[in-house]
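A short write-up of the structure that comes next.
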Amino acid sequence: FRSRWVITQFSIPGNSNTTLPNYECIAVSTTPDPTGTYFVWSYQYPGTLFNDYPKIGVWRDAYHITLNQFTNGGAWRGLGILSQDRTAALSGDAGAVALYINYYSVDPNAGGVLPADIDGIIPPPAGLPQIFAEFQADEFGDPADALRIYKWTTDFVNPANSVFSALPDVALAAFDARSPSSAPIEVQGGSSLDGLNDRLMHRFAYRNLGSYSSPVNSYTGNFTVNTSGVNPTSAATYQAGIRWFELRRSADSITVRDQGTHTTGASDAANGLNNWMGSIAQDNQGSIALGFSQAGTGQNADIRIAGRTGSSTGAGLAAGESLMYDAPNAQSSGNRWGDYSAMSVDPSDDCTFWYTQEYYATSSSSGFSTRVGSFKYPGCTPAPKATISGTITSCSTGQPISAAAVVGTGGYHRLTPSNGTYSMVVSPGSYSISASKSLGYVGDSQSTTVTSGGTATVNICLQGVAVLSATTPTLSSESCGTPNNSPDPGEQITATLPISNIGGAGTSNLVATLRATGGVQTAVTQNYGAVSAAGGTASRNFTFRVNSSQTCGSPVTLTWDLSDGSTSYGSISQ
C-alpha cells in the first residue's frame, strides 16, 4: 500500500516572538528510496501558535498530523490537526491543500492525541474516515477511564464540507493514571525520568486483518499507568506499567477486543521495575509486539519487548517478555526521555517487527543513543501478495508519459518515471487501475484480477490534448509619429502574440481571433496552424486600429478566442 517515505517537522521562527508565525514542514519521497529526492511543502501555522509535538499518521485520504498547541509565549492552546491531501502530495502538487482544525474552543483539555496509521498491505475499506484517539482518566477529572475517539471526514475539493466530530467514548478496564511528578521513573545510578503518562504513546496502529471487501478493522495503542496499588506521592511509591489495547471497528462502532496492563515482576513501588515509553503494532496474523523502556533502582533503562501470538484474547501478552538491549549506562541528569519510540512492521513480509528506542551507552546528561532492532514470531507466514505493473503511454505517439499518476483500488498510488512504467505490490484480488496526468491528457482506467504470487500487466494509453498559453504581446509597429510603446486613440498598431503548447497533443489548425473589445476597433483573425505538443511555440502578428474614442493614456485590453476546428480552447486576455 505504501511505497513512499513521509517526514514532518515544525519550523518555529516565532516560538520566542509573539508576532512571528510558525510552520509545519512536510516531505514526501518521490520513490521508495528514502535517500532519494522528495517533494516538499511548508505550511504556515495559523496565527502565532506554536505547533509542538507533531505526530503523523497515513490514511487513504491524507497525511494527518496531530499537534499540541501553545502560544508563542508558552500557554497551552489545546489540540491542533493539520491534514494534507495525500493524492495531491504523492503527485508533487505544489498547491496540495492542507486542512486545519483548532479544537481548543471545543475542548481546551484535548491533547496528546494520535492519528491512526496504516500497517499492512491491505488498505482500509473505501469510505472509512480517519479516526484519532486520546485516553481519558477519572483521576484527570474525566467521566471514566476510557478512550476518546474523534472522526475526521475530509473534503479537499470543498473544505467547508469536511466534518470533525467526537464519537462515543470507548470504556476501558479501570486504571490508575496518577503520577507524583513529571519524573517518577527511578533508574539505577541516574536521574529519575519522565514517564509521559498523560498521553497515548506513538503509534495508534491500524491493520486490516480481513480483506478489502470483507475488512476486519483493528487498532492497537498503549499508554503508561501507575501499578503500585497506592496513591503515588513520590517516585518511591510509583511503579509504571503499560496499558495496551486492541480495538475493532465497524463504521462508527468501536469496541475493545483485548486489553491488559503489562508489568514485570511483583508490584513493588520501592524496588520494582518500571515499564514505560511503549510502542505497539500487529503483524499480518494479528500477533502483537510491544516495545518499551524498563528501569528500576537496580537497573538501567534497558530496551524490552513483549507480545501476544495469534488472535487469542484475555491472556495478556502471553508470548512473554525478552531483552532487546541491556543498556550499559544511565542518564546522569535531567528527566526528559525519548518520546518517539516506535514499533512498526516491515512491508516486505508483514511479519518482521522493527523497534527503535533510546538508551545510554555512556553516562551523560543528553548524549543518548538509539538502538534499532528487528524480530518476528516463528509462526508468522508472509502476507499473500501480487504485483500489478505496466507502462503509461500517449495514445497518439506511443511514447511513455512521465509523471503520470497511477492509482489502484484501495489507495495504491504510483508516479511514473521518464520511461512511463509503474509497479505496485498489492493484496490478491480485483482492481481498477486508473492513470491520469493533470495537464495535457485525458485519464483512463482498466480492470484486472491478480492472484497470490501472480503478476498482472495493465498498460494504459492516455489521449493527449493541447494545453495552450500565451505570454504578454509585444508592439512591433505603431502608425502615429515616434513609437512610444503605447496604443494611442485612432492609431493603427501591430501586436505580436506568442502561443505555446505544453499539452500532450498538437494542434492542426489553431485559429486565434482578436475580439473587437477593450479598445480594439475591429476583430482580426490569424491562423497558427500546427503547434506541436510538449512545448511547441508559434507567433503571429495582429494589425488593428485602436478606437478613436479611447481615452488617451488608458490601457487597451486584448482578448483572443482560440479554436482548432470544432474544439474550443477558450480565451486569453492580455
Considering segment 241-289, residues that are part of a loop (DSSP other than H, G, I, E, B) and among the polar types (S, T, N, Q), and then whichever is farthest from Lys376 (Cα to Cα), we arrive at Asn271
Given (1) surrounded by fewer than 20 Cβ atoms within 10 Å (Cβ to Cβ); (2) without any contact (Cβ under 8 Å) to a residue 40 or more places away in the chain, Phe375 misses just (2)
The residue that is most open to solvent (accessible area, probe 1.4 Å), considering only those in segment 424-456 that are touching a residue at least 40 places away in the same chain (Cβ under 8 Å) and over 27 Å from Ser211 (Cβ atoms), is Ser438
| query | Can you find even one residue in segment 187-199 that is free of Cβ contacts under 8 Å to residues at least 60 places away in the same chain, closer than 26 Å to Tyr238 by Cβ and polar (S, T, N, Q)? | reply | no
For segment 468-504, the count of residues that are open to solvent by less than 20 Å² (accessible area, probe 1.4 Å), among the hydrophobic types (A, V, I, L, M, F, W, C) and closer than 30 Å to Ser436 by Cβ equals 1
Over segment 162-178, the set of residues open to solvent by 40 Å² or more (accessible area, probe 1.4 Å) and under 17 Å from Thr227 (Cβ atoms) is Ala173, Ala174, Arg178
For Leu558, the lone unmet condition from (1) within 48 Å of the chain's Cα centre (by Cα); (2) at positive phi is (2)
*asked:* Among the residues in segment 337-349, are any in a loop (DSSP other than H, G, I, E, B) and among the aliphatic types (A, V, I, L, M)?
replied: no
Inside segment 129-156, the number of residues satisfying the requirement of being within 16 Å of the chain's Cα centre (by Cα), of a type in the set (A, V, I, L, M) and surrounded by fewer than 18 Cβ atoms within 10 Å (Cβ to Cβ) is 0
Quick count over segment 162-219, residues being β-branched (Val, Ile, Thr) and outside any loop (DSSP other than H, G, I, E, B), is 3
Exactly one of Ala183, Ala133, Ala177 is aliphatic (A, V, I, L, M) and farther than 30 Å from Asn300 by Cβ, and that one is Ala133
Exception for Ser182 within (1) open to solvent by 30 Å² or more (accessible area, probe 1.4 Å); (2) within 30 Å of Lys437 (Cβ to Cβ); (3) not charged (D, E, K, R) falls at (2)
Condition set assigned to a loop (DSSP other than H, G, I, E, B) and in contact with a strand residue (DSSP E or B) (Cβ under 6 Å, 6 or more places away or on another chain), scope segment 13-26, selection surrounded by the most Cβ atoms within 10 Å (Cβ to Cβ): answer is Asn22
Of Ser341, Ser369, the only residue that is open to solvent by less than 60 Å² (accessible area, probe 1.4 Å) and closer than 21 Å to Gly120 by Cβ is Ser341
All conditions in (1) touching a Phe, Trp or Tyr at 6+ places or on another chain (Cβ under 6 Å); (2) among the charged types (D, E, K, R); (3) assigned to a loop (DSSP other than H, G, I, E, B) are true of Glu358 except (3)
Any chance Phe1 is open to solvent by less than 50 Å² (accessible area, probe 1.4 Å), outside any strand (DSSP E or B), among the aromatic types (Phe, Trp, Tyr) and at pLDDT below 95
yes
Just one listed residue, out of Ala75, Ala89, is of a type outside the set (Ser, Thr, Tyr) and at pLDDT below 95, and it is Ala75
The one condition Gly210 fails out of (1) closer than 24 Å to Asn109 by Cβ; (2) in contact (Cβ under 8 Å) with a residue 60 or more places away in the chain; (3) surrounded by fewer than 16 Cβ atoms within 10 Å (Cβ to Cβ); (4) not aromatic (Phe, Trp, Tyr) is (1)
Out of (1) open to solvent by less than 50 Å² (accessible area, probe 1.4 Å); (2) touching a residue at least 40 places away in the same chain (Cβ under 8 Å); (3) touching a Lys or Arg at 6+ places or on another chain (Cβ under 7 Å), the one Gln294 does not meet is (2)
A careful count of residues in segment 38-84 that are out of contact with any strand residue (DSSP E or B) (no Cβ under 6 Å at 6 or more places or on another chain) and either charged (D, E, K, R) or surrounded by 23 or more Cβ atoms within 10 Å (Cβ to Cβ) (or both) gives 3
Picking from Thr421, Thr471, Thr387, the residue that is without any contact (Cβ under 8 Å) to a residue 60 or more places away in the chain, closer than 28 Å to Arg86 by Cβ and in contact with a Ser or Thr (Cβ under 8 Å, 6 or more places away or on another chain) would be Thr421
Across (1) touching a residue at least 24 places away in the same chain (Cβ under 8 Å); (2) open to solvent by 30 Å² or more (accessible area, probe 1.4 Å); (3) of a type outside the set (Gly, Ala, Ser), Thr507 clears everything bar (2)
For Ala318, the lone unmet condition from (1) among the hydrophobic types (A, V, I, L, M, F, W, C); (2) without any contact (Cβ under 8 Å) to a residue 40 or more places away in the chain; (3) buried (at least 22 other Cβ atoms within 10 Å of the Cβ) is (3)
Only unsatisfied item for Ala301, checking (1) crowded, with 20+ Cβ neighbours inside 10 Å; (2) more than 27 Å from Leu114 (Cα to Cα); (3) of a type in the set (A, V, I, L, M, F, W, C), is (2)
A careful count of residues in segment 25-66 that are within 14 Å of the chain's Cα centre (by Cα) and without any contact (Cβ under 8 Å) to a residue 60 or more places away in the chain gives 12
Only one of Thr397, Thr409, Thr421 is modelled with pLDDT under 95, β-branched (Val, Ile, Thr) and within 25 Å of the chain's Cα centre (by Cα), namely Thr409
Taking first residues from segment 336-362 that are on the phi > 0 side of the Ramachandran plot and in contact (Cβ under 8 Å) with a residue 24 or more places away in the chain and second residues anywhere that are buried (at least 20 other Cβ atoms within 10 Å of the Cβ) and of a type in the set (S, T, N, Q), the pairs with Cβ under 6 Å that are 6 or more apart or on different chains are Asp350/Asn284
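The values are calculated or read from the model by the stated rules, or taken from the named source; none is laboratory data. Source: prediction; values computed, not measured. Positions of Cβ are generated from backbone atoms using ideal geometry, with glycine treated the same way; all protein chains shown enter the neighbour counts. For accessibility, only protein heavy atoms count, side chains too; no ligands or nucleic acids. Shrake-Rupley method; radii C 1.70, N 1.55, O 1.52, S 1.80 Å.
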